[in-house]
Amino acid sequence: MNRLVDGEWRTDVQLATNDDGEFVRQETTFHDWIRDDEDARFQPKAGRYHLYVSYACPWAHRTLLVRALKGLEDAISVDVVDPYRAEDGWQFTPEKDGCTPDSVNGSDYLREVYVDADPDANCRVTVPVLWDRQEETIVNNESEEILRMLDTEFDDVADRDVDLYPEGYREEIDRIIEAIYDPINNGVYRAGFADSQAAYDRAIDDLFDALDHWDAVLEDQRYLAGDRLTEADICMFTTLVRFDHVYHTHFKCNVKAIHEYDTLWPYLQDLYGTPGVAGTVNMAHIKEHYYTTHPEVNPKRLVARGPDLEFDAAHDRDDLPGSPPTDLLPFA
């Protein structure tokens, strides 16, 4: 788990596990907030902010989804790192399909962006990163906070009137996001990076208990919070869409595949078919990243071939109450 130590790149830092062999996710570092307030340091303005992302990363994928659904493509620019992350960390390789150069800072590696923001940085170098062109610094690198900012603070510059955190649903949305984080979003990593059988077994039990629970909840409602597409669905989607292709095999989450669930599978297809969503999914980047970047899990870096899934096939979720936001139909 390579990281910056006092602004210097270190490659000798061990993967974070506790004494029980359980994977421990490290905290993010930058937590400033963009607010639609004239007194705020960071204010929502078209062209001011830039996202650094990986198509492979589920946390970065959250921000791409909100950017697309809200219609912020013209307001917030994006650069995409190489899905293969070697010892030098996330790299910009514009010659590779789906990747870009660092169009803002001209960096070769994402770690250079972190050092530009904090020359004495002590942190992992992660995506997503929300960069402020005006002050030439990182605003935030916590996906859940970036997701919330893009959703709630950029209405005046967004091209679509889409609210993923609506009044009357907020308490439930926050509850669900918290409820799915540890057993599902982080649970697949707890399983994949477990350093003991007991730690792996606990993670797997938590993961599939939670998946079974939400499979039952979604039998009678279209979305996690009821009849509205919300941030909770964004957070669930980025894990589910990767599950059968990488987590099931690479992270040994093979008790059951998502396409074997009676409800979660059509729910995933429904979300995938929501206008704007499919364009944010790059399965080639997802598979390359996971199977080639974790030699402690997959030392030969062989990329599993399957499965062949029809995310865009017909489903019956339209029969349930609720629908995507009307501003997404049609999506242009």
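The values are calculated or read from the model by the stated rules, or taken from the named source; none is laboratory data. Quantities reported herein were computed from a predicted structural model and do not represent experimental measurements. Quick reminder, even Gly has a Cβ in these numbers, built from the backbone with ideal geometry, and neighbours come from all protein chains shown.
Taking the criterion of being assigned by TED's automatic domain parsing to the domain that holds Thr292, in a helix (DSSP H, G or I) and over 20 Å from Tyr291 (Cβ atoms), would at least one residue in region 223-231 satisfy it? Looking through region 223-231, at least one residue is assigned by TED's automatic domain parsing to the domain that holds Thr292, in a helix (DSSP H, G or I) and over 20 Å from Tyr291 (Cβ atoms). Of the residues making up region 280-301, not a single one is in contact with a helix residue (DSSP H, G or I) (Cβ under 6 Å, 6 or more places away or on another chain), acidic (Asp, Glu) and outside the structural domain of Thr126 (by TED's automatic domain parsing). What are the pairs with Cβ atoms under 8 angstrom where one residue, in region 107-125, is assigned by TED's automatic domain parsing to the domain that holds Thr28 and the other, located anywhere, is at pLDDT 95 or above and assigned to a helix (DSSP H, G or I)? Sequence gap at least six, or different chains. Cβ pairs passing all conditions: Ser107/Val113; Ser107/Asp116; Ala121/Tyr114; Ala121/Val115; Cys123/Tyr114; Val125/Leu110; Val125/Arg111; Val125/Tyr114.
Any idea which residue in region 159-199 is farthest from the chain's Cα centre (by Cα), counting only those that are surrounded by fewer than 21 Cβ atoms within 10 Å (Cβ to Cβ) and of a type in the set (Phe, Trp, Tyr)? Among those that are surrounded by fewer than 21 Cβ atoms within 10 Å (Cβ to Cβ) and of a type in the set (Phe, Trp, Tyr), it is Tyr169. Applying a threshold of 6 Å to beta carbon distances and a minimum spacing of six or more residues, or different chains, the list of pairs starting in region 316-329 at a residue that is under 13 Å from Tyr272 (Cα atoms) and ending at one that is surrounded by fewer than 11 Cβ atoms within 10 Å (Cβ to Cβ) and of a type in the set (Gly, Ala, Ser) is empty. Comparison of Phe331, Phe237 shows that the only residue that is of a type in the set (Phe, Trp, Tyr) and part of a loop (DSSP other than H, G, I, E, B) is Phe331.
Filtered by the rule that a residue be under 22 Å from Asp316 (Cβ atoms) and not acidic (Asp, Glu), region 247-269 gives Lys256, Ala257, Ile258, His259, Tyr261, Thr263, Leu264, Trp265, Pro266, Tyr267, Leu268, Gln269.
In region 204-246, the qualifying residues are those that are more than 18 Å from the chain's Cα centre (by Cα), of a type in the set (A, V, I, L, M) and over 20 Å from His315 (Cα atoms), and the one that is surrounded by the fewest Cβ atoms within 10 Å (Cβ to Cβ) is Ala210. Phe251: farther than 21 Å from Ile177 by Cα, of a type in the set (Phe, Trp, Tyr) and buried (at least 17 other Cβ atoms within 10 Å of the Cβ), yes or no? When the stated conditions are applied, Phe251 passes them. Being in contact with a Lys or Arg (Cβ under 9 Å, 6 or more places away or on another chain) and part of a helix (DSSP H, G or I) is true of Ala199.
Whether any residue in region 137-148 is assigned to a helix (DSSP H, G or I), over 16 Å from Leu4 (Cβ atoms) and hydroxyl-bearing (Ser, Thr, Tyr) is what I want to check. Checked region 137-148: at least one residue is assigned to a helix (DSSP H, G or I), over 16 Å from Leu4 (Cβ atoms) and hydroxyl-bearing (Ser, Thr, Tyr). On the given criteria, is Asp102 assigned to a loop (DSSP other than H, G, I, E, B), over 25 Å from Ala68 (Cβ atoms) and not assigned by TED's automatic domain parsing to the domain that holds Asp227? Taking the combined requirement at face value, the residue does not satisfy it. Of the numbered criteria (1) in contact (Cβ under 8 Å) with a residue 60 or more places away in the chain; (2) in a helix (DSSP H, G or I), the one Tyr291 fails is (1).
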